[in-house]
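Step one of this worksheet: look at the structure below.
The values are calculated or read from the model by the stated rules, or taken from the named source; none is laboratory data. These numbers come from a predicted model, not from an experiment. Glycine also receives a Cβ, built like all others from the backbone with ideal geometry; neighbour counts cover every protein chain displayed. All accessible areas refer to the heavy atoms of the entire protein, side chains included, with ligands and DNA or RNA removed. Shrake-Rupley method; radii C 1.70, N 1.55, O 1.52, S 1.80 Å.
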Amino acid sequence: MKLLNFSETAKILDDFLIDAEAKQLTCREFLHQLIQYELHKREEKHQEKRLKWAAFPEYKSLESFNPAEQQSLSKKQLQQLKELLWVEQAYNLILLGPPGVGKTHLAIGLGIEAIRRGYKVSFIQMDALIHLFKTQEITRSGRVRIKRIISSDLVIIDDLMFMAMDRNEANMFFQLVNRLYGQTSLIITSNKGPEDWGELLGDPAITTAILDRIIHKSEVVHLSGDSYRIKHRKSIFGNN
């Protein structure tokens, strides 16, 4: 079994044999049980690897996303997003809204759902992406991260309007978007709509080129309401 790389099954073979004898399993049933167990364990390992690779800042699943807190997104729309047909078709998702309304939570939740379905996902905040552009030529970790982003099925870019770019940075962002265009889905969270992205990107020609590729196949989701963090803020004095 170890030679065939059935390492997980090899660890508990004795337990399987005892169970098979107690249940009087046929050889075929016994073999089927072993293979299913090994496949399940392998998928668990692959999922753990994809989660680590995604580099989420925290684990926020869709199960913990409360639609009641976000009235601008219906349960039907949330279910449609969860089905991930848009990822299969390389559509982009633009999540817009003020701080604290759940943009990042929803983006991470969809990313985790995609990982469960076997997709490769990368998460990066806009300021970290700009830093990555500057360091990829001089650090191995930067090159590895860029390579992972390019090979992902879904790339999540958080807080697009966090900081302005100079012309060189905007050009590198365009090169990345152009590389991903048509083969990788993007989730972009921002507190400003695409019509205002020129403030970030600076150069009108680069802005137009980036928008052309992002918006060509995209869905814009407007999230509204009060900040969840302020609404549910914690006090050092408790409720007294």
**Message:** Nearest 10 degrees is fine. How inclined is helix 167-180 to the longest principal axis of the chain, computing both from alpha carbons?
**Reply:** 40 degrees
**Prompt:** Once the Cβ-Cβ distance between Glu8 and Leu31 is put in as r, and R0 is 22 Å, what FRET efficiency do you end up with, to the nearest 0.05?
**Reply:** 0.90
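What is the chain's relative contact order, in percent, from Cα pairs under 8 angstrom and six or more apart in sequence?
Working: 306 pairs, mean separation 60.6, N = 240.
This gives 25 percent for the chain.
What does the C-alpha gyration tensor say about the overall shape of segment 72-153? Classify as rounded when a/c is under 1.5, otherwise prolate if a/b is larger than b/c, or oblate. Don't jump to the answer; show the numbers that get you there.
On the way: a/c = 2.98, a/b = 1.64, b/c = 1.81.
It comes out oblate by the Cα gyration axes.
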**Prompt:** Once you sort the root eigenvalues of the Cα gyration tensor of the chain as a ≥ b ≥ c, which label holds: rounded (a/c under 1.5), prolate (a/b larger than b/c) or oblate (the other case)?
**Reply:** prolate
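Could you check how much of the accessible area of the chain is carbon and sulfur, as a whole percent, using a 1.4 Å probe? Could the numbers behind the result be given before it?
Details: 7460 of 14420 Å².
Carbon plus sulfur share of accessible area: 52 percent.
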**Prompt:** Helix 140-150 versus the longest principal axis of the chain: what angle, 0 to 90°, nearest 10, using Cα atoms?
**Reply:** 90 degrees
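Suppose only helical runs count, i.e. DSSP H with n ≥ 4. What mean residue ellipticity at 222 nm does that imply for the chain under -39500 (n - 2.57) per run, divided by all residues and rounded to the nearest 500 deg cm²/dmol? If you can, show how the numbers build up before the last one.
Numbers: 12 runs with 125 residues, N = 240.
Mean residue ellipticity at 222 nm (helix-derived): -15500 deg cm²/dmol.
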**Request:** Just order 142-148, 104-110 by mean Cβ neighbour count inside 10 Å, highest at the front, would you?
**Result:** 104-110, 142-148
**Request:** Whole number in Å², please: accessible area per residue of the chain, 1.4 Å probe, ligands, DNA and RNA not counted.
**Result:** 60 Å²
**Message:** Give the lysines reachable from Lys147 as a straight Cα distance under 23 Å; neighbours fewer than 8 places away on the same chain don't count.
**Reply:** Lys45, Lys49, Lys52, Lys120, Lys134
**Fill in**
In degrees rounded to 10, the 0-90 angle between helix 27-54 Cα long axis and the longest Cα principal axis of the chain is 20 degrees
**Request:** Amide H neighbours of Gln125 under 5 Å, at least 5 residues apart or on other chains, H built in the peptide plane: list them.
**Result:** Asp158
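Could you tell me which of rounded, prolate or oblate describes segment 131-192, using a ≥ b ≥ c as the square roots of the eigenvalues of the alpha-carbon gyration tensor, with rounded for a/c under 1.5 and, failing that, prolate when a/b is larger than b/c and oblate otherwise?
oblate
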**Fill in**
Over the Cα atoms of segment 90-210 the radius of gyration and the largest Cα-Cα distance (Dmax), both in Å, equal 13.9, 39
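If the only charges are +1 at each Lys and Arg Cβ and -1 at each Asp and Glu Cβ, what is the size of the charge dipole of the chain around the Cα centre, to the nearest 20 debye?
On the way: 33 positive and 30 negative charges, 71 e Å.
Roughly 340 debye for the chain.
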**Complete:** Most packed first (mean Cβ within 10 Å per residue), the peptides 97-103, 24-30 order as 97-103, 24-30
**Complete:** In vacuo Debye sum over C-alpha of segment 1-105, base-10 log of normalised intensity I(q)/I(0) at q = 0.23 Å⁻¹, listed in q order, is -1.32
**Complete:** Sequence order, segment 197-205: Karplus ³J(HN,Hα) from phi using 6.51 cos²θ - 1.76 cosθ + 1.60, θ = phi - 60°, Hz rounded, Gly and Pro as x, gives 5, x, 4, 7, 7, x, 6, x, 5
